[in-house]
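The values are calculated or read from the model by the stated rules, or taken from the named source; none is laboratory data. Because the structure is a prediction, the values reported are computed rather than measured. Note: ideal-geometry Cβ built from the backbone for every residue, glycine included; neighbour counts use all protein chains shown. Surface accessibility is based on the protein's heavy atoms, side chains included, excluding ligands, DNA and RNA. Shrake-Rupley method; radii C 1.70, N 1.55, O 1.52, S 1.80 Å.
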Amino acid sequence: MAPPRAQRTMLVVAGDAPPTAGGGARFAAPPPERDHTQDLPDEILSLVFASLTPTDRNACSLTCARWKEVDASTRHRLSLDARAALGYAAQGIFARFTAVSKLALRCARGSGTDSLSDDGARQVAAALPSARLARLKLRGLRQLSDDGLASLAGATPVIRKLSVASCSFGPKAFVAVLRSCPLLEDLSVKRLRGLPDTAGATTAITEEILFPPASSLRSVCLKDLYSALCFVPLVASSPNLRSLKILRCSGSWDLPLEVIAARVAGLVELHLEKLQVGDRGLSAVSACANLEVLFLVKTPECTDAGIISVAEKCHKLRKLHIDGWRTNRIGDHGLMAVARGCPDLQELVLIGVNPTVQSLRMLGEHCRSLERLALCGCETVGDPEIICLAERCAALKKLCIKGCPVSDRGMCALNGGCPSLVKVKLKRCRGVSYECIENLKVVRGGSFSISLDIVLERDAGGAIENGGQEAGQVQITELTDQMAAMDLPTNATNAQSSAQASSRMRSVMSALRRRFGNPPALM
């Protein structure tokens, strides 16, 4: 008896033609998979979007109308390609992204001649969410003048942070900024091209630019400016300033610092890098009795005398970074004055400075709160100095030694010294062996961490890095694609089944798992 023929299951759609004589039939497409994201409330979906990378978030926002709406209503940071066409697209962009509070307008280096102009800035200003925008960043807007910046400032009355870099307007543009933005707290100005040629002229501080009082300013950063002296009146008109950074700016700064310190005595943090400043400027800074953080980076005219004047009056100093640039003008005398006058010192970074046992012993005895110490390129720091640290610095938690003539003998002293030590970083210390490092790990045990890198490096930069990048900014670079009319489906189920849609779904589900964990298994 022949085996029965395998039966063929057919699903005939109602209304379709019956099977043909040849056995052919029309089969219905399988039912669409259920869209589980429709069960998520908007609040949960917005948390998922917040977990995505900017690229994935941009892609997912185009999956369906609901996702686009949730993304637009919860996107707080926006970065736009600020070329000339932005002015025409601004109204549509900000009509969609109504929750934006942090905005960056950037133009790539090669696109400076096509950057946003004054007319475009006025169009952008008219479309900005003025009642919400708190931070504004401008980069590479070469076609923007003083009037363009004034238009943007007038449209952002509640802005608290303004960052400007590689633009072509000058210091007079910031008069309108201070007048229009009474709540401005943080101002950063870098690489401006519209500054007058007054480099090195001390008379620049009397430039006839009448900056209004800026009582709300708390932080000012001036970086890579040929005529940063033009901003001295702005700084001096900020009585509540707490942080001042002057980095790689031309001109003589002794007299300007005297003017600033006389009017802004409440400074708490001061960074001076690659400046023409000497002991006269440091003596002026010492009038800021509340100073807690001082960075002196490659200021070759500063000597022990300047450090002593600061240490004798700034008794609240907590962080001191000195890059001596191997000039040997700051050493034991200045550091001993710091030990005597700054008992609350918590962090000390010495680069190209040559302390000895004499000053390190005093630092250990007087600065009982010293927790972080970095010694880089210090030719006098050898085994006796490390032994001294092990004996005296009971509160030390982090120690970095780079390019110093230390050996196993000095490092072994850490076996029983510095009881609070949790991290040691060694670089280019050829006298230290890996056996000594392994022994330290075993003896100290627990959460103690130590690393040794004896490979020569090209960059002998700072030892304690406090970098931080602002993450999660959204990149929107093609204005035409941004505002093109899109026929989006009403939900993710009806979206076309393509590789892109699948990728978007995987990104969302991965973010769900990262935030909420895997779902429980069904029984």
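Assessment of the stretch 115-130 against the conditions (among the hydrophobic types (A, V, I, L, M, F, W, C), in contact with a Lys or Arg (Cβ under 8 Å, 6 or more places away or on another chain) and in contact (Cβ under 8 Å) with a residue 12 or more places away in the chain) yields at least one matching residue. May I ask you to say which residue of 212, 239 is in contact with a Lys or Arg (Cβ under 9 Å, 6 or more places away or on another chain), part of a loop (DSSP other than H, G, I, E, B) and either open to solvent by 40 Å² or more (accessible area, probe 1.4 Å) or at pLDDT 95 or above (or both)? Result of the check over 212, 239: 239. For residue 394, the conditions (1) open to solvent by 50 Å² or more (accessible area, probe 1.4 Å); (2) farther than 24 Å from residue 343 by Cβ; (3) not in a helix (DSSP H, G or I) all hold with the exception of (2).
With respect to the conditions (1) under 19 Å from residue 328 (Cβ atoms); (2) open to solvent by 40 Å² or more (accessible area, probe 1.4 Å), residue 269 lacks only one, and its number is (1).
Of everything listed in (1) in a helix (DSSP H, G or I); (2) under 17 Å from residue 312 (Cβ atoms); (3) open to solvent by less than 20 Å² (accessible area, probe 1.4 Å), the single unmet condition for residue 260 is (2). For residue 397, the conditions (1) more than 33 Å from the chain's Cα centre (by Cα); (2) closer than 18 Å to residue 449 by Cβ are fulfilled apart from (1). Within the stretch 387-405, being under 16 Å from residue 353 (Cβ atoms) and among the β-branched types (Val, Ile, Thr) holds for one residue alone: 401. Scanning the stretch 365-374 for residues that are assigned to a loop (DSSP other than H, G, I, E, B) and either among the hydroxyl-bearing types (Ser, Thr, Tyr) or surrounded by fewer than 22 Cβ atoms within 10 Å (Cβ to Cβ) (or both) yields 368, 369, 371.
When residues in the stretch 442-451 are screened for being loosely packed, with under 14 Cβ neighbours inside 10 Å and assigned to a helix (DSSP H, G or I), 2 of them pass. Pairs are defined by a Cβ separation below 7 Å, a sequence spacing of at least 6 or placement on different chains, a first member in the stretch 57-71 that is modelled with pLDDT under 80, and a second member that is assigned to a loop (DSSP other than H, G, I, E, B) and buried (at least 19 other Cβ atoms within 10 Å of the Cβ); the pairs so defined are 57/474; 58/474; 63/492; 63/495; 68/61; 71/61. Every condition in (1) assigned to a loop (DSSP other than H, G, I, E, B); (2) modelled with pLDDT under 95; (3) open to solvent by 30 Å² or more (accessible area, probe 1.4 Å) is met by residue 203 except one, and the failing one is (1).
Those helices (runs of 4 or more DSSP H) of the stretch 265-364 in which at least 2 residues are under 29 Å from the mean Cα position of the chain (by Cα) and of a type in the set (A, V, I, L, M, F, W, C), considering only elements entirely within it, cover 279-285. Cβ-Cβ distances below 6 Å connect the following pairs, each with a first residue in the stretch 326-345 that is free of Cβ contacts under 8 Å to residues at least 40 places away in the same chain and within 22 Å of residue 395 (Cβ to Cβ), a second residue that is crowded, with 18+ Cβ neighbours inside 10 Å and small (Gly, Ala, Ser), and a separation of six or more residues or different chains: 332/359; 335/359; 336/359; 337/311; 338/311; 341/311; 342/311.
For the stretch 414-429, residues that are open to solvent by 30 Å² or more (accessible area, probe 1.4 Å) and out of contact with any strand residue (DSSP E or B) (no Cβ under 9 Å at 6 or more places or on another chain) total 4. Candidates are the residues of the stretch 242-257 that are in contact with an Asp or Glu (Cβ under 8 Å, 6 or more places away or on another chain) and part of a loop (DSSP other than H, G, I, E, B); the one that is least open to solvent (accessible area, probe 1.4 Å) is 249.
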